[in-house]
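Let me begin by presenting the structure, written as structure tokens, before commenting on it.
The values are calculated or read from the model by the stated rules, or taken from the named source; none is laboratory data. The structure displayed is predicted, hence computed values, not measured ones. Cβ placement follows ideal geometry from the backbone for every residue including glycine, while neighbour counts extend to all protein chains displayed. With ligands, DNA and RNA removed, areas are computed over all heavy atoms of the protein, side chains included. Shrake-Rupley method; radii C 1.70, N 1.55, O 1.52, S 1.80 Å.
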Amino acid sequence: IKSQWPAWKWQQGSSAKGEVVGLGTDVGGMAMCYRRDLFEKAGLPTDREAVSALWPTWEKYIETGVKFKAANVKGSAWMDGPTIIYRSILGQQPVGIYDGDKVVVESNPGVKRAWDLTIDAINKGLSAKIAPWSADWNAGMAKGSFVTLACPSWMMAYIQSQAKDS
């Protein structure tokens, strides 16, 4: 089954002797979940294809967030908080925090890009300031405290369990 994983992910699940100790997760595609009802209230498109066209880049995602904020949908921010968006942007960079065994945070432009875009979104008031996996985060899903969330394939089931009526 080794061929079913990227080489780097297979290596992460293997010991120094090459023995498999686990199978890697979170290497699939990433989508963006959004609240259709709150997009509609903000005058944004709700159709999946139209929403996808809104932000082909992270910069456009932030621009769309500014438009959402300008619509002043009471009680709703564009994104939950900085953690998930930062990790999502960082995950799309050619090199992350590590390059092999070396920590490359200070010298890696991909880390700086993820940081700068996240700070830009915060400075533009797009964050609900809610930490992921917290009770507030779970409640925020149900209440619409934030309207977008980066979604790996397994996240929909989690959202549905936390926001059954939303």
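Inside region 69-84, residues that are farther than 18 Å from TRP58 by Cα and part of a helix (DSSP H, G or I) make up a count of 1. Just to verify a result, which residue in region 1-31, among those that are under 21 Å from SER88 (Cα atoms) and among the charged types (D, E, K, R), is most open to solvent (accessible area, probe 1.4 Å)? Restricting to residues being under 21 Å from SER88 (Cα atoms) and among the charged types (D, E, K, R), the top hit is ASP26. Pairs linking a residue in region 86-102 that is within 14 Å of TRP8 (Cα to Cα) to a residue that is part of a loop (DSSP other than H, G, I, E, B) and open to solvent by less than 90 Å² (accessible area, probe 1.4 Å), with Cβ atoms under 8 Å and 6 or more positions apart or on different chains, are VAL95/VAL104; VAL95/ASN108; GLY96/ASN108; TYR98/VAL104; ASP99/ASN108.
In the set LEU44, LEU54, only one residue is within 25 Å of ASP165 (Cα to Cα), over 14 Å from the mean Cα position of the chain (by Cα) and among the hydrophobic types (A, V, I, L, M, F, W, C); that residue is LEU44. Among the criteria (1) touching a Leu at 6+ places or on another chain (Cβ under 7 Å); (2) at pLDDT 95 or above, the one TYR61 does not fulfil is (1).
Scanning region 131-162 for residues that are closer than 17 Å to PHE39 by Cβ and of a type in the set (Phe, Trp, Tyr) yields one hit, PHE146. Restricting region 94-114 to residues that are in a loop (DSSP other than H, G, I, E, B), of a type outside the set (D, E, K, R) and at pLDDT 80 or above leaves a set whose member that is most open to solvent (accessible area, probe 1.4 Å) is PRO94. Please determine, by comparing only the residues of region 115-166 that are hydrophobic (A, V, I, L, M, F, W, C) and in a loop (DSSP other than H, G, I, E, B), which one is surrounded by the most Cβ atoms within 10 Å (Cβ to Cβ). Across region 115-166, the extreme among qualifying residues is LEU126.
Within region 13-32, residues that are touching a residue at least 24 places away in the same chain (Cβ under 8 Å) sit with their Cβ atoms under 8 Å from residues that are assigned to a loop (DSSP other than H, G, I, E, B) and surrounded by 10 or more Cβ atoms within 10 Å (Cβ to Cβ), at 6+ positions apart or across chains, in these pairs: GLY28/SER153; GLY29/SER153; MET30/GLN92; ALA31/SER153; MET32/TRP55.
Checked against (1) in contact with an Asp or Glu (Cβ under 8 Å, 6 or more places away or on another chain); (2) modelled with pLDDT of 95 or more, GLU40 passes all but a single condition, namely (1).
Entry remark, region 60-93: residues being open to solvent by 20 Å² or more (accessible area, probe 1.4 Å) and not β-branched (Val, Ile, Thr) number 16 in total. Within region 43-55, the residues that satisfy the criterion of being modelled with pLDDT of 95 or more, on the phi < 0 side of the Ramachandran plot and not in a helix (DSSP H, G or I) are LEU44, PRO45, THR46, ASP47.
Here region 70-116 is the region considered, the condition is being touching a Lys or Arg at 6+ places or on another chain (Cβ under 8 Å) and among the polar types (S, T, N, Q), and the residue that is farthest from ASP26 (Cα to Cα) is SER76.
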